[in-house]
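See below for the structure under consideration.
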Amino acid sequence: MRQVIVTPYQSSWPEAFQQAKEQLETIFGDRLLAVHHIGSTSVPGLSAKPILDILPVVDSLDGIEAFDVAMEQIGYETKGEFGMPGRRYYRKGGDDRTHHIHLYATGNPEIMRHVVFRDYLREHPQEVEAYSTIKEQLAVRYPEDISAYIAGKDSFVKAMEQRALVWWSHE
């Protein structure tokens, strides 16, 4: 059973991201165009489930499965699209997950959506505070129900995504 654990921001997360990024650079080599730290662990001050979300961008998904064995050798489960067309998903840590890899080909709109959301939060501390509070309350309310935790923050996140897109379009 996966526990819903939300912790205060950890200063070790950027270093853990850097280590994972270097591993991805070694594995994917020239196919890799960028690696973004996304999700709550990428926003200083934001409470988060202690799982790094990482978004590598590759030149194309053609033949990308050839790298699955190398990803498995460094501890990742290969999950394919895992419900999201155009994505390749890898996770590490089993029920005590530590990393989620959301790999996309360049040009996929999901890349911009994730990066804009992250950048918006980094620039809006009042949103970070509100989002942290909601996540902490939901983790207490649903300590063993990840689906209820996710559903509980869904409308808040969607509204914040809209504010982030408006903010980004005026930058």
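The values are calculated or read from the model by the stated rules, or taken from the named source; none is laboratory data. Computed from a predicted structure; not experimentally measured. Please note: Cβ atoms are built from the backbone with ideal geometry, for glycine as well, and neighbour counts cover all protein chains shown. These accessible areas exclude ligands, DNA and RNA; they are computed on the full protein's heavy atoms, side chains included. Shrake-Rupley method; radii C 1.70, N 1.55, O 1.52, S 1.80 Å.
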Query raised in the report: Which of the following residues is of a type in the set (Lys, Arg), surrounded by 16 or more Cβ atoms within 10 Å (Cβ to Cβ) and out of contact with any helix residue (DSSP H, G or I) (no Cβ under 8 Å at 6 or more places or on another chain): Arg87, Arg91?
Result: Arg91
Report task. May I ask you to verify whether Tyr131 is in contact with a Ser or Thr (Cβ under 9 Å, 6 or more places away or on another chain), assigned to a helix (DSSP H, G or I) and of a type in the set (Phe, Trp, Tyr)? Result -> yes
Query raised in the report: Are any residues in region 94-122 out of contact with any strand residue (DSSP E or B) (no Cβ under 7 Å at 6 or more places or on another chain) and either over 23 Å from Ser12 (Cβ atoms) or surrounded by 15 or more Cβ atoms within 10 Å (Cβ to Cβ) (or both), and if so, which ones?
Result: Gly107, Asn108, Pro109, Met112, Arg113, Val116, Phe117, Asp119, Tyr120, Leu121, Arg122
Report summary line: Checking Asp68, Asp62 in turn, the sole residue that is more than 30 Å from Gln137 (Cβ to Cβ), out of contact with any helix residue (DSSP H, G or I) (no Cβ under 7 Å at 6 or more places or on another chain) and assigned to a loop (DSSP other than H, G, I, E, B) turns out to be Asp62
Requested in this report: Could you give me the residue pairs with C-beta distances under 9 Å whose first residue belongs to region 136-158 and is open to solvent by less than 40 Å² (accessible area, probe 1.4 Å), whose second residue is aromatic (Phe, Trp, Tyr) and outside any loop (DSSP other than H, G, I, E, B) wherever it lies, and which are 6+ apart or on separate chains?
Outcome: Leu138/Tyr149; Ala139/Tyr149; Lys153/Tyr131; Val157/Phe117; Val157/Tyr131
Query raised in the report: Within region 145-159, can one find any residue that is within 17 Å of Lys49 (Cα to Cα), outside any helix (DSSP H, G or I) and either touching a Pro at 6+ places or on another chain (Cβ under 8 Å) or not basic (Lys, Arg) (or both)?
Result: yes
Report task. Test Gly63 against the criterion of being open to solvent by 30 Å² or more (accessible area, probe 1.4 Å) and closer than 20 Å to Thr41 by Cβ, and give yes or no. Result -> no
Query - Output for region 38-51, where each listed residue is touching a residue at least 40 places away in the same chain (Cβ under 8 Å) and closer than 13 Å to His100 by Cβ - result: Ile38, Gly39, Ser40, Ser42, Ala48, Lys49, Pro50, Ile51
